[in-house]
Amino acid sequence: MFSASFLFASLVWGSVGVGYFIYGKKQQSLCPMVGGILMIIASYFIGSALLMSLVCLGIGGTVYYLVKRVY
């Protein structure tokens, strides 16, 4: 049921999401915290490694844009 690429992508994007969440919590910034939670949710519920990677890249890019735009 689970392929190696799906498990690896889930591990990578879940870890990046946790990193975003911890960063947002320490900086008291809502945008990275919410982006991290969305990445974690995406890594759990999206069943395709390619789609998961595209969604998480989109979330990461949006968070980066919003953080650079606000600060």
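A few points about this structure:
- Rounded to the nearest 500, the helix-only mean residue ellipticity at 222 nm of the chain stands at -30000 deg cm²/dmol, with each DSSP H run of n ≥ 4 adding -39,500 (n - 2.57).
- Nearest 10 degrees, 0 to 90: helix 49-70 Cα axis against the chain principal axis: 0 degrees
- Accessible area per residue in Å² at 1.4 Å probe, computed on the chain: 70 Å²
- Estimated vicinal HN-Hα couplings, Hz - the range 14-23 in sequence order (Karplus 6.51, -1.76, 1.60; Gly, Pro = x): x, 5, 5, x, 5, x, 4, 5, 5, 4
- Mean Cβ count within 10 Å, highest first, over the residues of peptides 12-19, 44-51: 12-19, 44-51
- Within the accessible area of the chain (1.4 Å probe), percent carbon and sulfur: 72 percent
- With each label modelled as a point 7 angstrom along the Cα→C-beta vector, the ALA4-TYR23 pair spans 3.0 nm.
- The value of relative contact order for the chain, using C-alpha pairs under 8 Å at least six residues apart, is 33 percent.
- Measuring max minus min along each principal axis, the C-alpha atoms of the chain give extents of 42, 19, 14 Å (largest first).
The values are calculated or read from the model by the stated rules, or taken from the named source; none is laboratory data. Note that the coordinates shown come from a computational prediction; the quantities given were computed from them, not determined experimentally. As a convention, Cβ positions derive from the backbone with ideal geometry for all residues, glycine included, and neighbour counts pool all protein chains shown. Quick note on the areas: whole protein, heavy atoms, side chains included, nothing else; ligands and nucleic acids left out. Shrake-Rupley method; radii C 1.70, N 1.55, O 1.52, S 1.80 Å.
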